[in-house]
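Quick notes on the structure that follows.
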Amino acid sequence: MEGGLCFAIHVSNLDSGDITTFKGTHRDYGIFKLSNRDHCRDNSRHSWNVCQTCCTYFLNEDLSDDIQCLKRHIKHHKGLDTWKAWRTHCAKGDNLQYIKNCGLPVPKNVSLTMKEP
């Protein structure tokens with residue numbers, strides 16, 4: 001949980017409506033920056049569409065489809081190392097800092113990485 005929050009903060013600043021457009025037709029969508037190249041389709045380019053969904057579905061406040069797609073990515077790629085923000089800010093850090101003031105109980109043996117479920 002805390003690793004996912006770190007990741008979302010650093011890729012989108014927790015903005016579920018965010019779209020990042022790169023050179024050409026490559027775009028990343030939503031709170032986890034899911035790509036129209038790999039994760040979803042937006043009819044602007046060929047997509048692997050591994051999450052079998054439309055990219056605009058990642059732009060609302062219902063994060064359930066975003067989370068399911070990210071889980072699929074994690075399972076396929078064995079983690080989040082394909083994202084620079086994860087490698088730079090979250091992979092080796094103390095991710096408990098992102099939830100310590102939320103009033104949530106923190107288990108003693110909590111995993112600080114997001115690995116395959």
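The values are calculated or read from the model by the stated rules, or taken from the named source; none is laboratory data. Everything quoted here is computed from the prediction, not taken from an experiment. All Cβ positions, even for glycine, are placed from backbone atoms using ideal geometry, and neighbour counts span all protein chains on display. The protein model used for the area step is the full one, side chains on, heavy atoms only, and it has no ligands, DNA or RNA in it. Shrake-Rupley method; radii C 1.70, N 1.55, O 1.52, S 1.80 Å.
Brief remarks on what is shown
- From phi via Karplus (6.51, -1.76, 1.60), per-residue ³J(HN,Hα) for the range 9-22 in Hz, x at Gly/Pro: 4, 7, 8, 9, 6, 6, 9, 6, x, 7, 10, 10, 9, 9
- In this label model, L14 and H77 are separated by 2.3 nm, measuring between points 7 Å along each Cα→Cβ vector.
- Amide H partners (placed H, <5 Å) of D42, local residues excluded: C55
- Whole-percent carbon and sulfur share, accessible surface of the range 9-48, 1.4 Å: 48
- Each of N60 and H26 was given a label point 7 Å from its Cα along the Cα-to-Cβ line. The distance between the two points is 2.9 nm.
- At the listed q of 0.13, 0.15, 0.18, 0.27 Å⁻¹, the Debye profile of the range 24-97, built from one uniform point per Cα, gives log10 I(q)/I(0) equal to -0.39, -0.51, -0.72, -1.28.
- With θ taken as phi - 60° and the Karplus curve 6.51 cos²θ - 1.76 cosθ + 1.60 applied, the whole-hertz 3J(HN,Hα) list for the range 85-92 is 4, 5, 4, 6, 10, 10, 4, 10 Hz, x standing for glycine and proline.
- What separates the Cα centres of the range 1-52 and the range 66-90 is a distance of 11 Å.
- Extension gain, Q68-H89: 0.36 nm per intervening residue step, less the Cα-Cα distance, totals 5.3 nm.
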